[in-house]
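Inspection log for the structure reproduced underneath, given as structure tokens.
Every read-out reported here was derived from the displayed coordinates using simple, explicitly stated rules and does not represent laboratory data. All figures in this text were calculated on a predicted structure; none of them were measured in a lab. Glycine also receives a Cβ, built like all others from the backbone with ideal geometry; neighbour counts cover every protein chain displayed.
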Amino acid sequence: MDTLNTVLLSGGRGGGKSILLIWLIIYFAVINGKGHRGVLIRTDLAGLQKLESLLYDHIPKVLPGSRYFKAKRQWQMSNGAILNLIHQSDASSFNKLQGEDLSHVYVDELTQFPDPQTVLRIRSSMRTSDPSIKTKFIATANPFPHGWWCRDYIISKSVPGRIFNCELFGGVETVWFKSTLRDNPYLANPDQYEADLKASAFGDESRARAEIFGDWAGSAAGFFGTALSEEKSLISGDFVIPQLKDVDGVFREESRGRHCWIGGDWGTASPACAVLMYQVQEPMEFDGKYLARGSWVCVDEEYVCSTQQDGAAEWNRGDRTLTAPKFVERVTGLYRRHGFVLRSIHEKRVIMDSAVTAQLGFGGYSDPVTLSTEFKKYGWLVTGSPKSSRAVGWQLMKSLLFQAGTEQPGLYISERCQSLWATLPYCISDPKNPEDMEKDAPDHSADAVRYVLTASNQGRHLSHGRIPKQRIGVGSF
């Protein structure tokens, strides 16, 4: 602890993370004295007030004569150490720290930040002019609500207690620890508390595992709840899109893609993706699962994002070098893997975020510049997503996920679609509108799927004139 730059205290609820954080704050204030210029950050005010109370209970016992200025939320300790308490709810709140020299940064509930950007900005103020003091970042974290980025950048890089160089933080030495309520000797009623946590999960086993055992790998928690299940929806990457006869009874190669769709989401600051989807026309069995007529299969994807130095994907961070021709080239590769060319899937079934049709300028009097016209230059025709309530689209997606594995149409996701399996469990509800997904969630490939389901359900994006106008309907086809 004395020599490391970064320490993450993770695990389930009741493991003693917050009180240990308080003790560590006091410990480093004691040993560093005047050189300690620290800040304790929490995103919600109620949580910060609880920490404020804990500090008030402990600091005077160890450092008598220390004073707390409530108006400034600042501790001036009797040995000269300083600690500021800050309620920082978003990136704009960083102005509170701008220009500060911080020797120690403490964050309670790190995963309340939706992505690491704000955390990295906070760390940019970690500096000291005293060569005897080692700057330090100590945080607590639970797997939810935004555990995806801690999982990808920290948890997945090492086992608990083993030091590693964290690339997210510039390669500094980092370690993470895990605790559960069973590791906390001060908890008077662990059995009752565990039962209460299970009850509060309301049947969501993944959330229960996360809160009781500090499990970062749960796949059924978050916005989609128990509707999302690997057991029900995961199929192997060997799925082959069936070739069906045309209405005249003839197999035609050029008709192979007529029951396929592409859902896409464009971004450079955020990821860009294209998801190949197939709508099941005849009941079939695959990978031990029954796929009812009208079911959807996410067959494959092309996901363009930045990568960490070890090659791991940064699922919620885009590739700023991406251009329209590069993306079309990547998408062409997706088509080719399944025996298609760009025209194999009708443009009315290539559904992207409506922003692709937004006018960016004019290339001529009657030639508006849009992303869709840029894609068209390189041979890929796309259609903007239909106007629809996000909440309605998510509900449709939830229902299909829930019906997977039954005799009703369901939504199945191939193991090829790595971004979907990596991000869906960490998409959470918008606290202001629980029926919608939080806008900061890693929802790029989820959006792509939603665009297709919404377009198909509205029946406005049917091609070739040969496809019957029928809604996918939840529970019917």
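Rounded to whole Å, the principal axis extents of the Cα atoms in the stretch 1-96 read 32, 30, 25, largest first. Helix 17-32 versus the longest principal axis of the chain: what angle, 0 to 90°, nearest 10, using Cα atoms? So the helix axis and the longest Cα principal axis differ by about 50 degrees.
Sort PHE375, PHE177 by Cβ crowding within 10 Å, fewest neighbours at the top.
Numbers: PHE375 24, PHE177 16.
In increasing order of surrounding Cβ atoms, one gets PHE177, PHE375.
Please state, to two decimals, what the Cα-based radius of gyration of the stretch 225-458 comes to when divided by 2.2 N^0.38 Å (N = residues).
Values: Rg = 17.6 Å, N = 234, 2.2 N^0.38 = 17.5 Å.
Cα-based Rg divided by the globular estimate yields 1.00.
Averaging 1/r over each pair of different alpha-carbon atoms in the chain and inverting the result gives 24.7 Å, the Kirkwood hydrodynamic radius.
If the viscosity is 1.567 mPa s and the temperature 4 °C, what Stokes-Einstein diffusion coefficient in µm²/s follows for the stretch 6-185 when Rh is the Kirkwood radius over Cα pairs?
Values: Rh = 16.6 Å.
Value of D from the Cα-based Kirkwood radius: 78 µm²/s.
Could you check the spin-label model distance between MET1 and ARG343? Points 7 Å from the Cα along Cα→Cβ, value in nm. Label at MET1, label at ARG343, 6.9 nm between them.
Which semi-axis lengths, in whole Å and largest first, follow from the square roots of five times the eigenvalues of the Cα gyration tensor of the stretch 299-339?
On the way: eigenvalues 84, 35, 12 Å².
After scaling each eigenvalue by five and taking roots: 21, 13, 8 Å.
Counting other C-beta atoms within 10 Å, which of PHE340, PHE286 has the fewest, and how do the rest follow? List each step's numbers first, then the result.
Details: PHE340 20, PHE286 16.
Least crowded to most crowded, the residues run PHE286, PHE340.
The alpha-carbon of LYS198 sits under 16 angstrom from the alpha-carbons of these aspartates and glutamates, leaving out residues fewer than 8 places away in its chain: GLU211, ASP215.
Relative contact order, percent, of the chain when contacts are C-alpha pairs under 8 Å separated by at least 6 residues?
On the way: 946 pairs, mean separation 70.6, N = 477.
Computed over the chain, the figure is 15 percent.
Using the Cβ-Cβ distance between ILE163 and ASP57 with R0 = 35 Å, the FRET efficiency computed as 1/(1 + (r/R0)^6) comes to roughly 0.65.
At a Förster radius of 45 Å, what calculated FRET efficiency corresponds to the Cβ-Cβ distance of SER389 and GLU285, to the nearest 0.05?
Values: r = 35 Å, r/R0 = 0.77.
That gives a FRET efficiency of 0.85.
Compute the angle between helix 324-336 and the longest alpha-carbon principal axis of the chain, please, reported from 0 to 90 degrees and rounded to the nearest 10. It works out to around 60 degrees. Suppose each label sits 7 Å from its Cα in the direction of the beta carbon; what would the LYS70-SER200 distance come out to in nanometres? In this crude spin-label approximation the distance works out to 2.7 nm. Cross-link pairs exceeding 32 Å in C-alpha to C-alpha distance, out of LYS157/LYS376; LYS17/LYS61; LYS157/LYS377; LYS289/LYS326; LYS157/LYS439; LYS61/LYS136, comprise LYS157/LYS376; LYS157/LYS377; LYS289/LYS326.
With a 10 Å radius around each residue's Cβ, average the other Cβ atoms per peptide and rank 222-230, 120-128, 141-149, highest first. Could the numbers behind the result be given before it?
Values: 222-230: 20.7, 120-128: 16.6, 141-149: 24.2.
Ranking the peptides 222-230, 120-128, 141-149 by packing returns 141-149, 222-230, 120-128.
Each of HIS346, HIS104 was scored by other Cβ atoms within 10 Å of its Cβ. Listed from fewest to most, they are HIS346, HIS104.
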